[in-house]
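Working notes, beginning with the structure itself.
Derivation of every value follows stated rules applied to the coordinates shown; laboratory data play no part. The model shown is predicted, which means the values in this text are computed figures rather than measured ones. Here the Cβ positions follow ideal geometry from the backbone for every residue, glycine too, while neighbour counts run over all protein chains shown.
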Amino acid sequence: MIDTLKYIFLGFIQGFTETIPVSSSGHLMIFKNLMNVKVDFDTLAILTNFGSLIAILILFRKDIIELFVSFFKYIGTKEEKYKSKFKYCLMIVLGCIPAGFAGLLVSKLDLFKTIDNNVKIVGLSLMITAILLFLIRNFKGKKDDDKLGVKDAIIVGCFQILGLFPGISRSGSTIVGGMFSGLKRDTAFKYSFMLYIPMSVAAMALEIGDLTIKKSLILNYILAVVVAAVVTFLVTKWFRKIVNEGKLIYFSIYCFIVGTLVVIFL
């Protein structure tokens, strides 16, 4: 029973931290160092990431369906009313390319092998995230979805590369990139999560071969995934409100404090 509660707790941590700018992988590593838990954290991260992905798909289902339908209708009809959504789909593809290539490079060459389990690096990364969030704390931007262009997609895509680094939040880096490029807060938020979906699917496709699930732990993993999905859904809705209200400074303060504590004490 105690072990099951530990898996549920870690599923909660994953769900709570996945979509806010504090790095879910970083927090799992921190708790791995704080808790005496015999858990395959790599397998747990892959499975709970799947739960978070399902939550995001549900949360953005209307946008996803509209983009999907408009994309193929524009190809078939070339009607002007579908053009902006078609272009937005292309910007999603373009925004994924920089991190996609970088991710493949990191995976094939195992570039982070020496620092993957270094909790001090996570602490430093959280401090970097804090600085980035502080820099864009008052940014508002003027570009909405229809004004999202090639330059913006490339800028956000390049910022997304930062999210590959252990301890740096993917959502944080992409939202920061969006705001730096002049996107409105909600536009940056939405685009960040439109990029999250294909990147998350691609990451799971690369990692699925590493899954090693013991039959005795199936129930624990299922509970962790369900908890991660539910918490991700609720937290992402709350986070969207925080972004639109321009209160990212709170996450900046949190990341700086936690990062400092990790570097000093862990």
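Here are the numbers for this structure:
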item	result
The stretch 13-117 shape via C-alpha gyration tensor axes, a/c threshold 1.5	prolate
The chain: angle of helix 61-77 to the longest principal axis, Cα-based, in degrees nearest 10	40
Exposure proxy order (Cβ contacts within 10 Å, fewest to most) of 78, 143	78, 143
Neighbour cut-off at most 16 other Cβ (10 Å), DSSP loop, trypsin sites (Lys or Arg not before Pro), the stretch 1-59	38
Mean Cα-pair separation over length for the chain, i.e. relative contact order, pairs under 8 Å, 6 or more apart, %	36
Cα pair count fraction exceeding 12 Å, expressed as % - the stretch 1-50	60
Dipole axis of the chain (+1 Lys, Arg; -1 Asp, Glu on Cβ), positive-most option in 202, 192, 33	192
Share of alpha-carbon pairs per 5 Å distance bin for the stretch 2-265, given as whole %	1, 6, 13, 17, 19, 18, 12, 7, 4, 2, 1, 0, 0
In degrees, nearest ten, helix 24-34 long axis to first principal axis of the chain (Cα)	10
Expected-Rg normalisation [2.2 N^0.38 Å, Cα atoms] applied to the stretch 57-117	1.63
Cα long-axis angle, helix 170-180 against the chain (0 to 90 degrees, to the nearest 10)	40
222 nm mean residue ellipticity, helices alone, for the chain (DSSP H n ≥ 4; -39,500 (n - 2.57); rounded to 500)	-25000 deg cm²/dmol
Entries in 87/184; 108/190; 120/247; 113/215; 81/143 that, when Cα-Cα distance is taken, lie over 24 Å	108/190; 120/247; 113/215
Likely footprinting exposure, 201, 231, fewest C-beta neighbours within 10 Å first	201, 231
Neighbour count of at most 15 Cβ within 10 Å plus DSSP loop: longest GluC sites (Glu not before Pro)-free window in the chain	80-244
Amide H partners (placed H, <5 Å) of residue 165, local residues excluded	none
Neighbour-count order for 108, 83, 184, fewest beta carbons within 10 angstrom listed first	108, 83, 184
Cβ charges +1 (Lys, Arg) and -1 (Asp, Glu), total dipole of the stretch 2-265, debye	640
